[in-house]
Amino acid sequence: SKQWYQRRVAITAGEYQLEMERSLRLVNIDYQQVGFYQSTYLNTHCDRNFLENVFVYLEEMKEAIAVIYDPLKTKLGNLNIRAFKLSLPAFRLYREEKDFTATMLKDNSLTFENLFKEIPVMVKNSALTNVLLCEIDRIQESTACLTLPTSSYLEKSMQMLLSGLDEVNQDLQKINLHQRNVYKQQQQLLQNVQKRKIENAQREKDGLNPLPEEDFSKQFKPPPPLGRLEPLLSSNRIAAHCEMIEEHVRNGIGKLYLADSFMS
């Protein structure tokens, strides 16, 4: 069954984690758990599962972080390792409610910009590793400065950006539909109240007792507020894609002008 499969996967993942910690301890590598590692594709890690994992680790350890590695960007020659943790307002709000509403975000001053807190990452190599890298650099001819920016990377980034914009557009349509339903319900409520006033005024003219005032709001239950967590995550991904595109273009625009001058 599905529950048995999920339980089996959880047990397998736990056993694998323990085995990896034993292996790291055998080769004298720090094996103390301080978070989790995740490989991402063009910064698509920012979703509900990622947020849930970060939250679970932070509940166990206040210093827990999530290390994100992008192999596609690293393949272009730029080591891409980033570390994140939930911001304090987001952590407190997610502990109280698993889905955010517009009122919650406003009261806690929470936006896609401060949903996660990025931790600076510093990579240090041993002296022997530095010697090896210097030797490799001396032997091989470095042509990285002449490498032109690849259009495939930029094309994939633009595709992910457009996909994120489509998600935001769908969320906006849901919000507009929700607002129309709320407005329609309020109009119906006002019509019933106005109708009761007209009926009572006519009954008073006829010498009859007015009808009792009713609380029509009980007959019209307001639609539940829309969750804003998914739009918040989508906006975070869009901002990350924009930063990647800007960085990629900024680093390559000079090379393109230089190549164009040579070709002309």
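Here the spin labels are modelled as points 7 Å beyond Cα on the Cα-Cβ line, and at residue 69 and residue 247 they lie 1.7 nm apart. Highest mean packing first, where packing is the average number of other Cβ atoms within 10 Å per residue, the peptides 35-46, 123-134, 167-178 line up as 35-46, 167-178, 123-134. The label point for residue 28 and the one for residue 88, both projected 7 Å from the Cα toward the Cβ, are 4.0 nm apart. The Cα-based radius of gyration of segment 16-143, divided by its Kirkwood radius, gives an Rg/Rh of 1.07.
Is there a pair in 85/106; 98/156; 75/117 whose C-alpha atoms are over 23 Å apart, and which pairs would that be? Don't skip to the answer; put the middle values down first.
On the way: 85/106 21 Å; 98/156 32 Å; 75/117 26 Å.
Checking Cα-Cα distances, 98/156; 75/117 exceed 23 Å.
Apply 1/(1 + (r/R0)^6) to the Cβ-Cβ distance of residue 130 and residue 109, taking R0 = 51 Å, and write down the FRET efficiency to the nearest 0.05.
Numbers: r = 44 Å, r/R0 = 0.87.
E(calc), rounded to 0.05, equals 0.70.
Residues in segment 80-93 carry Karplus couplings, in order, of 10, 10, 10, 10, 9, 8, 5, 5, 4, x, 5, 5, 5, 5 Hz; the curve used is 6.51 cos²θ - 1.76 cosθ + 1.60 with θ = phi - 60°, and Gly or Pro positions show x.
Calculated FRET efficiency, residue 62 to residue 190, Cβ-Cβ distance, R0 = 41 Å: about 0.20 to the nearest 0.05. If the chain linking residue 123 and residue 38 were pulled fully straight, counting 0.36 nm for each residue of separation and taking away their Cα-Cα distance, it would gain 28.9 nm.
Here's how it looks for residue 83: its modeled amide H is under 5 Å from those of 68, 119, which are all 5 or more places away or on a different chain. Spacing of the modelled spin labels on residue 173 and residue 101, each 7 Å from Cα toward Cβ, amounts to 2.5 nm.
Read the figures in this text as sums done on the coordinates, not as results from a lab. Small disclaimer: the values here were computed from a predicted structure and weren't measured. Methodologically, a virtual Cβ is constructed for each residue, glycine included, from the backbone with ideal geometry; neighbour enumeration extends over all protein chains shown.
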